[in-house]
Amino acid sequence: MTSSSETPGGPPEGRYGSPRKGRGRRWPVWVLGTLVLLAGIGASVAAYSNFGSAPIEGKAATFDVRDESVRITLEVRRDDPTRSAECVVRARGHSGKEVGRAEVYLPAGQPTTYRRTVLNTSAPPVTGEVFGCSYDVPRYLDPNERPSG
């Protein structure tokens, strides 16, 4: 019961379209896949460097509010204690507005350093905090820099 359109070794003619002549060029798929992979790796590295653990971190261990000043004890942790650093401390008033700011120099020392500073304010403060720390010490803050002029 075989019809003339059926071939004994394959599907009926015209049923599945014409046979493929070859796979075509696959290199664009590989190139695109490689580019997507490299972009993903690049994004991962950028995210880690921006959002990973900081090489230096500072926080206010304690603060004591006075009438027109705040005494802040900084706790600074750094991954390279052989480098000097600087931290910016600030005070805020009742409205949350900044009422005082200062830079504190930290010489090379221990991985964890405590430093006390008094910050004079323009209005009564309610809190003292560490705004941020950095290894990029401004020249005017570094006692090892010679004055120019």
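With the requirement that a residue be assigned to a loop (DSSP other than H, G, I, E, B) and more than 23 Å from the chain's Cα centre (by Cα), what does the stretch 79-119 give you?
Result: G93, H94, S95, G96, K97, P107, A108, G109, Q110.
Quick one: count up the residues across the stretch 35-71 that are under 20 Å from F131 (Cβ atoms), out of contact with any Lys or Arg (no Cβ under 7 Å at 6 or more places or on another chain) and among the aliphatic types (A, V, I, L, M).
Total meeting the criteria: 5.
Any residue at all in the stretch 111-119 that's within 19 Å of S69 (Cβ to Cβ) and of a type in the set (S, T, N, Q)?
Yes: one or more hits.
Identify, by number, the condition in (1) in contact (Cβ under 8 Å) with a residue 40 or more places away in the chain; (2) touching a Lys or Arg at 6+ places or on another chain (Cβ under 8 Å); (3) crowded, with 16+ Cβ neighbours inside 10 Å that V137 doesn't meet.
(2)
Which pairs have Cβ atoms under 7 Å, sit 6 or more apart or on different chains, and link a residue in the stretch 5-22 that is at pLDDT below 70 to one that is surrounded by 10 or more Cβ atoms within 10 Å (Cβ to Cβ) and in a loop (DSSP other than H, G, I, E, B)?
S5/P12; S5/E13; E6/P12
The values are calculated or read from the model by the stated rules, or taken from the named source; none is laboratory data. It should be emphasised that the depicted structure is a prediction, and the values quoted were computed from it without experimental measurement. Positions of Cβ are generated from backbone atoms using ideal geometry, with glycine treated the same way; all protein chains shown enter the neighbour counts.
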